[in-house]
Amino acid sequence: QDTLVAEYNDLEGVTKIFNEHGNDMAAVIIEPVAGNSGCIPGQVDFLKGLRALCDHYGVLLIFDEVMTGFRLARGGAAELCGIQPDLVTYGKVIGGGLPVGAFGGRMDIMQHLAPAGSVYQAGTLSGNPIAVASGLATLKHLDWNPSIYSSLEQNTAALADALRAVLNEHLDGPYAINQMGSMMSIHFGVDVVKNASDASAADLDKFNQLFHFLLARGVYLPPSAFESYFLCQDFGNTEIEHIVQQMKEFLQGK
Ligand SMILES: Cc1ncc(COP(=O)(O)O)c(C=O)c1O
(Lines give C-alpha, C1' and ligand atoms only; values in the text may rest on other atoms or scores of the structure.)
Protein backbone atom coordinates (compact mmCIF):
# COMPACT_ATOMS: atom_id res chain seq x y z
CA GLN A 1 0.00 0.00 0.00
CA ASP A 2 3.00 2.28 0.31
CA THR A 3 4.34 1.57 -3.16
CA LEU A 4 3.01 3.23 -6.29
CA VAL A 5 3.66 1.49 -9.57
CA ALA A 6 4.05 3.49 -12.78
CA GLU A 7 4.29 2.45 -16.41
CA TYR A 8 7.85 2.36 -17.72
CA ASN A 9 8.78 5.07 -20.24
CA ASP A 10 5.52 6.94 -19.55
CA LEU A 11 6.55 10.35 -18.23
CA GLU A 12 3.00 11.67 -18.30
CA GLY A 13 1.81 8.84 -16.05
CA VAL A 14 4.66 9.37 -13.58
CA THR A 15 4.06 13.13 -13.59
CA LYS A 16 0.43 12.49 -12.56
CA ILE A 17 1.62 10.33 -9.66
CA PHE A 18 4.08 13.05 -8.59
CA ASN A 19 1.39 15.72 -8.81
CA GLU A 20 -0.79 13.69 -6.44
CA HIS A 21 1.79 12.18 -4.09
CA GLY A 22 5.12 13.94 -4.74
CA ASN A 23 5.22 15.62 -1.34
CA ASP A 24 4.84 12.26 0.47
CA MET A 25 7.24 10.25 -1.66
CA ALA A 26 10.63 9.09 -0.40
CA ALA A 27 12.16 7.66 -3.55
CA VAL A 28 11.69 6.49 -7.09
CA ILE A 29 13.41 3.21 -7.85
CA ILE A 30 13.86 2.15 -11.46
CA GLU A 31 16.01 -0.06 -13.66
CA PRO A 32 17.42 2.48 -16.15
CA VAL A 33 17.46 -0.36 -18.67
CA ALA A 34 14.79 -2.81 -17.59
CA GLY A 35 15.93 -6.42 -17.81
CA ASN A 36 12.97 -8.13 -16.20
CA SER A 37 10.45 -7.64 -19.03
CA GLY A 38 12.92 -8.40 -21.79
CA CYS A 39 15.55 -5.78 -22.49
CA ILE A 40 13.78 -2.41 -22.39
CA PRO A 41 15.98 0.68 -22.49
CA GLY A 42 14.69 3.62 -20.49
CA GLN A 43 14.25 6.49 -22.95
CA VAL A 44 16.65 9.31 -22.10
CA ASP A 45 13.84 11.91 -22.02
CA PHE A 46 11.88 9.71 -19.62
CA LEU A 47 14.85 9.25 -17.28
CA LYS A 48 15.72 12.96 -17.48
CA GLY A 49 12.09 13.78 -16.71
CA LEU A 50 12.23 11.52 -13.65
CA ARG A 51 15.41 13.26 -12.49
CA ALA A 52 13.71 16.66 -12.85
CA LEU A 53 10.55 15.51 -11.00
CA CYS A 54 12.64 14.02 -8.17
CA ASP A 55 14.66 17.25 -7.89
CA HIS A 56 11.51 19.35 -7.87
CA TYR A 57 9.82 17.32 -5.11
CA GLY A 58 12.96 16.47 -3.09
CA VAL A 59 12.55 12.74 -3.82
CA LEU A 60 15.55 10.39 -4.17
CA LEU A 61 16.17 8.81 -7.55
CA ILE A 62 17.49 5.27 -7.12
CA PHE A 63 18.83 3.35 -10.11
CA ASP A 64 18.64 -0.42 -9.80
CA GLU A 65 21.76 -1.34 -11.75
CA VAL A 66 21.86 -4.93 -10.50
CA MET A 67 21.83 -6.09 -14.13
CA THR A 68 23.31 -3.09 -15.89
CA GLY A 69 26.04 -1.94 -13.49
CA PHE A 70 29.49 -2.56 -15.01
CA ARG A 71 27.73 -4.58 -17.73
CA LEU A 72 26.78 -1.75 -20.09
CA ALA A 73 29.65 0.56 -19.13
CA ARG A 74 31.97 1.14 -16.19
CA GLY A 75 29.48 3.72 -14.95
CA GLY A 76 26.51 1.52 -15.84
CA ALA A 77 23.40 2.79 -17.57
CA ALA A 78 23.72 6.05 -15.60
CA GLU A 79 26.90 6.82 -17.55
CA LEU A 80 25.25 6.02 -20.88
CA CYS A 81 22.20 8.18 -20.26
CA GLY A 82 24.20 10.96 -18.59
CA ILE A 83 22.00 11.06 -15.49
CA GLN A 84 23.26 11.13 -11.92
CA PRO A 85 21.03 9.06 -9.60
CA ASP A 86 21.13 9.68 -5.83
CA LEU A 87 21.65 6.01 -5.00
CA VAL A 88 22.58 2.98 -7.10
CA THR A 89 22.21 -0.73 -6.35
CA TYR A 90 24.57 -3.32 -7.81
CA GLY A 91 24.82 -7.10 -8.04
CA LYS A 92 25.77 -9.79 -10.56
CA VAL A 93 28.77 -8.35 -12.47
CA ILE A 94 30.36 -6.84 -9.36
CA GLY A 95 30.59 -10.34 -7.87
CA GLY A 96 32.42 -11.81 -10.85
CA GLY A 97 29.99 -14.74 -10.79
CA LEU A 98 29.80 -15.06 -7.01
CA PRO A 99 26.83 -13.80 -4.99
CA VAL A 100 27.29 -10.23 -3.85
CA GLY A 101 25.27 -7.02 -3.73
CA ALA A 102 26.20 -3.43 -3.04
CA PHE A 103 24.80 0.05 -3.04
CA GLY A 104 26.37 3.47 -3.17
CA GLY A 105 25.58 7.07 -3.90
CA ARG A 106 25.61 10.62 -2.66
CA MET A 107 28.07 11.22 0.15
CA ASP A 108 25.50 12.94 2.40
CA ILE A 109 23.23 9.88 2.14
CA MET A 110 26.01 7.31 2.57
CA GLN A 111 27.16 9.12 5.69
CA HIS A 112 24.01 7.95 7.42
CA LEU A 113 25.56 4.46 7.42
CA ALA A 114 27.63 3.18 10.35
CA PRO A 115 30.23 3.90 11.46
CA ALA A 116 29.77 7.52 10.24
CA GLY A 117 26.02 7.50 10.87
CA SER A 118 23.33 5.69 12.77
CA VAL A 119 22.08 3.20 10.15
CA TYR A 120 23.70 -0.17 10.68
CA GLN A 121 23.77 -2.40 7.61
CA ALA A 122 25.12 -5.94 8.01
CA GLY A 123 24.47 -9.60 7.24
CA THR A 124 26.18 -12.97 7.65
CA LEU A 125 27.68 -12.82 4.16
CA SER A 126 28.07 -9.03 3.86
CA GLY A 127 31.52 -8.28 2.50
CA ASN A 128 32.22 -12.02 2.13
CA PRO A 129 35.98 -12.11 1.37
CA ILE A 130 35.79 -14.71 -1.41
CA ALA A 131 32.95 -12.96 -3.24
CA VAL A 132 34.62 -9.57 -2.82
CA ALA A 133 37.97 -10.90 -4.11
CA SER A 134 36.21 -12.36 -7.15
CA GLY A 135 34.36 -9.09 -7.76
CA LEU A 136 37.49 -6.98 -7.43
CA ALA A 137 39.35 -9.23 -9.88
CA THR A 138 36.49 -8.82 -12.38
CA LEU A 139 36.35 -5.04 -11.98
CA LYS A 140 40.14 -4.75 -12.37
CA HIS A 141 39.95 -6.87 -15.51
CA LEU A 142 37.28 -4.53 -16.90
CA ASP A 143 39.40 -1.52 -15.93
CA TRP A 144 42.42 -2.91 -17.74
CA ASN A 145 40.43 -4.02 -20.80
CA PRO A 146 37.86 -1.28 -21.49
CA SER A 147 37.55 -2.45 -25.12
CA ILE A 148 35.44 -5.33 -23.75
CA TYR A 149 32.50 -2.92 -23.69
CA SER A 150 32.80 -1.89 -27.34
CA SER A 151 33.33 -5.45 -28.55
CA LEU A 152 30.31 -6.68 -26.54
CA GLU A 153 28.21 -3.88 -28.02
CA GLN A 154 29.42 -4.64 -31.56
CA ASN A 155 28.81 -8.39 -31.30
CA THR A 156 25.37 -8.00 -29.76
CA ALA A 157 24.34 -5.38 -32.34
CA ALA A 158 25.64 -7.69 -35.08
CA LEU A 159 23.53 -10.56 -33.70
CA ALA A 160 20.45 -8.33 -33.45
CA ASP A 161 20.93 -7.06 -37.03
CA ALA A 162 21.49 -10.54 -38.43
CA LEU A 163 18.38 -11.83 -36.66
CA ARG A 164 16.35 -8.88 -37.96
CA ALA A 165 17.43 -9.76 -41.51
CA VAL A 166 16.26 -13.38 -41.07
CA LEU A 167 13.01 -12.36 -39.35
CA ASN A 168 12.24 -9.78 -42.04
CA GLU A 169 12.61 -12.48 -44.67
CA HIS A 170 10.97 -15.46 -42.98
CA LEU A 171 8.56 -14.26 -40.29
CA ASP A 172 5.00 -13.55 -41.26
CA GLY A 173 4.03 -10.87 -38.74
CA PRO A 174 5.52 -8.21 -36.54
CA TYR A 175 8.33 -8.60 -34.04
CA ALA A 176 10.59 -6.39 -31.95
CA ILE A 177 14.23 -6.90 -31.09
CA ASN A 178 15.48 -4.64 -28.31
CA GLN A 179 19.21 -4.32 -27.72
CA MET A 180 21.51 -2.21 -25.66
CA GLY A 181 25.15 -3.12 -25.04
CA SER A 182 25.34 -6.84 -24.34
CA MET A 183 21.63 -7.03 -23.43
CA MET A 184 18.90 -7.93 -25.91
CA SER A 185 15.52 -9.62 -26.29
CA ILE A 186 13.20 -10.81 -29.04
CA HIS A 187 9.42 -10.28 -28.86
CA PHE A 188 7.06 -11.87 -31.39
CA GLY A 189 3.74 -10.40 -32.49
CA VAL A 190 4.42 -6.77 -31.50
CA ASP A 191 6.18 -3.89 -33.28
CA VAL A 192 7.48 -2.01 -30.27
CA VAL A 193 8.26 -3.04 -26.71
CA LYS A 194 8.85 -0.05 -24.46
CA ASN A 195 7.23 -1.26 -21.24
CA ALA A 196 5.99 -4.39 -19.45
CA SER A 197 2.48 -4.09 -20.97
CA ASP A 198 3.94 -4.22 -24.49
CA ALA A 199 6.07 -7.22 -23.48
CA SER A 200 2.98 -8.97 -22.04
CA ALA A 201 1.05 -8.41 -25.29
CA ALA A 202 3.66 -10.37 -27.26
CA ASP A 203 3.18 -13.92 -28.53
CA LEU A 204 4.54 -15.87 -25.55
CA ASP A 205 3.78 -19.30 -27.06
CA LYS A 206 6.01 -18.52 -30.00
CA PHE A 207 8.81 -17.51 -27.66
CA ASN A 208 8.40 -20.79 -25.75
CA GLN A 209 8.59 -22.73 -29.01
CA LEU A 210 11.74 -20.82 -29.97
CA PHE A 211 13.27 -21.45 -26.54
CA HIS A 212 12.87 -25.24 -26.85
CA PHE A 213 13.88 -25.30 -30.51
CA LEU A 214 17.10 -23.40 -29.78
CA LEU A 215 17.86 -25.32 -26.59
CA ALA A 216 17.81 -28.57 -28.55
CA ARG A 217 20.36 -26.99 -30.90
CA GLY A 218 22.76 -25.77 -28.24
CA VAL A 219 21.51 -22.19 -27.82
CA TYR A 220 20.39 -21.39 -24.31
CA LEU A 221 18.00 -18.43 -24.19
CA PRO A 222 16.64 -17.34 -20.80
CA PRO A 223 13.61 -19.56 -20.12
CA SER A 224 11.20 -16.61 -20.16
CA ALA A 225 10.16 -14.02 -22.72
CA PHE A 226 10.40 -11.49 -19.87
CA GLU A 227 14.12 -11.83 -19.28
CA SER A 228 16.96 -10.06 -21.05
CA TYR A 229 19.65 -12.11 -22.79
CA PHE A 230 23.22 -11.36 -21.74
CA LEU A 231 26.01 -11.99 -24.20
CA CYS A 232 29.49 -12.75 -22.95
CA GLN A 233 32.93 -11.80 -24.11
CA ASP A 234 33.64 -15.10 -25.90
CA PHE A 235 30.62 -14.65 -28.12
CA GLY A 236 31.64 -13.94 -31.74
CA ASN A 237 30.93 -14.59 -35.40
CA THR A 238 30.79 -18.39 -35.08
CA GLU A 239 28.08 -18.17 -32.43
CA ILE A 240 26.18 -15.48 -34.36
CA GLU A 241 26.17 -17.58 -37.53
CA HIS A 242 24.98 -20.64 -35.61
CA ILE A 243 22.12 -18.77 -33.92
CA VAL A 244 21.04 -17.05 -37.12
CA GLN A 245 20.98 -20.38 -38.97
CA GLN A 246 18.91 -21.97 -36.18
CA MET A 247 16.47 -19.05 -36.19
CA LYS A 248 16.06 -19.47 -39.94
CA GLU A 249 15.29 -23.17 -39.53
CA PHE A 250 12.84 -22.38 -36.72
CA LEU A 251 10.98 -19.92 -38.92
CA GLN A 252 10.98 -22.37 -41.83
CA GLY A 253 9.47 -25.03 -39.55
CA LYS A 254 12.38 -27.45 -40.00
C1 LIG B 1 17.44 -5.75 -11.82
C2 LIG B 1 17.40 -6.54 -10.54
N3 LIG B 1 17.23 -5.91 -9.39
C4 LIG B 1 17.20 -6.58 -8.22
C5 LIG B 1 17.35 -7.95 -8.19
C6 LIG B 1 17.24 -8.64 -6.87
O7 LIG B 1 18.42 -8.72 -6.26
P8 LIG B 1 18.50 -9.56 -4.89
O9 LIG B 1 18.27 -10.98 -5.27
O10 LIG B 1 19.89 -9.31 -4.43
O11 LIG B 1 17.45 -9.02 -4.00
C12 LIG B 1 17.53 -8.66 -9.35
C13 LIG B 1 17.70 -10.13 -9.30
O14 LIG B 1 18.01 -10.81 -10.22
C15 LIG B 1 17.56 -7.94 -10.57
O16 LIG B 1 17.73 -8.57 -11.73
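Could you please report the charge total around Asn9, scoring K, R as +1 and D, E as -1 over all other residues with beta-carbon less than 11 angstrom from its beta-carbon? Intermediate values should be presented prior to the final figure.
Working: positive: Lys194; negative: Glu7, Asp10, Glu12, Asp45, Asp198.
Taking every other residue near Asn9 into account, the sum is -4.
In terms of modelled amide H atoms, which long-range or inter-chain residues lie less than 5 Å from the amide H of Met180?
none
Could you tell me which trypsin sites (Lys or Arg not before Pro) in region 1-107 are loop residues by DSSP with no more than 16 other beta carbons within 10 angstrom of their beta carbon? Don't jump to the answer; show the numbers that get you there.
Values: sites: Lys16, Lys48, Arg51, Arg71, Arg74, Lys92, Arg106; in loops: Arg71, Arg74, Arg106.
Answer in residue order: Arg74, Arg106.
Hey, if you drop one equal point scatterer on each alpha-carbon of region 10-103 and run the Debye formula without solvent, what base-10 log of I(q)/I(0) do you get at q = 0.13, 0.21 Å⁻¹?
Those come out to -0.44, -1.02, one per q.
Restricting to DSSP loop positions (anything but H, G, I, E, B) with no more than 16 other Cβ atoms inside 10 Å of their own Cβ, which chymotrypsin sites (Phe, Trp or Tyr not before Pro) remain in region 210-251? Display every interim value, and only then the final one.
On the way: sites: Phe211, Phe213, Tyr220, Phe226, Tyr229, Phe230, Phe235, Phe250; in loops: Tyr220, Phe226, Phe235.
When the chymotrypsin sites (Phe, Trp or Tyr not before Pro) of region 210-251 are filtered for loop state and at most 16 Cβ neighbours within 10 Å, Tyr220 remain.
Counting only heavy atoms of the protein chains, get the accessible area per residue of the chain (1.4 Å probe) and round it to a whole Å² value. Before the final figure, lay out each step's value.
Working: 13740 Å² over 254 residues.
Per-residue accessible area for the chain comes out at 54 Å².
Find the centroid of the Cα atoms in region 135-192 and in region 3-34, then give the distance between the two in whole Å.
Comparing the Cα centres of region 135-192 and region 3-34, I get a distance of 28 Å.
Hey, quick one: spin label on Ala122, modelled 7 Å out along Cα-Cβ, who in region 87-104 has an amide N within reach, i.e. under 13 Å?
Label zone hits: none.
Once you order the gyration tensor axes a ≥ b ≥ c over the Cα atoms, which shape class does region 56-148 get: rounded for a/c under 1.5, otherwise prolate or oblate by comparing a/b with b/c?
Numbers: a/c = 2.31, a/b = 1.15, b/c = 2.02.
It comes out oblate by the Cα gyration axes.
P(r) tail for region 147-251, what percent of Cα pairs lie past 15 Å?
Taking all Cα-Cα pairs of region 147-251, the fraction more than 15 Å apart is 62 percent.
Using a ≥ b ≥ c from the Cα gyration tensor of region 156-215 (square roots of the eigenvalues), is it rounded, prolate or oblate, where a/c under 1.5 gives rounded and otherwise the larger of a/b and b/c decides, a/b for prolate? Working shown, then result.
Working: a/c = 1.31, a/b = 1.08, b/c = 1.22.
Rounded, since a/c falls under 1.5.
Could you give the nm distance between label points at Gln111 and Ala52, where each point is 7 Å from its Cα heading toward the beta carbon?
Rounded to a tenth, the inter-label distance reads 3.1 nm.
Could you calculate the contour length gain from Lys254 to Gln84, that is, 0.36 nm times the residue separation minus the distance between their Cα atoms, to one decimal place in nm?
Values: separation 170, 0.36 × 170 = 61.20 nm, distance 4.89 nm.
Gain in length upon complete extension: 56.3 nm.
Could you name the aspartates and glutamates in cross-link range of Lys140, using Cα to Cα under 20 Å and dropping any fewer than eight places away on the same chain?
Qualifying aspartates and glutamates at Cα under 20 Å: Glu65, Glu79, Glu153, Asp234.
Taking all protein chains in place and a 1.4 Å probe, what share, in percent, of the accessible surface of the chain do carbon and sulfur account for?
On the way: 7270 of 13740 Å².
The C+S portion of the solvent-accessible surface of the chain is 53 percent.
Could you work out which residue, out of Gln111, Gln121, Gln233, moves most in a Gaussian network model of the chain, that is, has the largest mean-square fluctuation with Cα springs under 10 Å?
Gln121
Please sort by residue number the chymotrypsin sites (Phe, Trp or Tyr not before Pro) in region 77-143 whose DSSP state is loop and whose Cβ has at most 12 other Cβ atoms within 10 Å.
Numbers: sites: Tyr90, Phe103, Tyr120; in loops: Tyr120.
Qualifying residues, ordered by number: Tyr120.
Rg(Cα) of the chain divided by 2.2 N^0.38 Å?
On the way: Rg = 20.0 Å, N = 254, 2.2 N^0.38 = 18.0 Å.
The chain yields a ratio of 1.11.
Please compare each pair in Lys16/Lys92; Lys16/Lys48; Lys194/Lys254; Lys206/Lys254; Lys48/Lys194 to a cut-off of 23 Å on the Cα-Cα distance and tell me which ones are over it.
Numbers: Lys16/Lys92 34 Å; Lys16/Lys48 16 Å; Lys194/Lys254 32 Å; Lys206/Lys254 15 Å; Lys48/Lys194 16 Å.
Cα-Cα > 23 Å for Lys16/Lys92; Lys194/Lys254; rest within.
The values are calculated or read from the model by the stated rules, or taken from the named source; none is laboratory data. Not measured: the values here are computed from a predicted model. Glycine gets a Cβ as well: all are built from the backbone with ideal geometry, and neighbour counts include every protein chain shown. Surface areas here come from the heavy atoms of the whole protein model, side chains and all, with no ligands, DNA or RNA. Shrake-Rupley method; radii C 1.70, N 1.55, O 1.52, S 1.80 Å.
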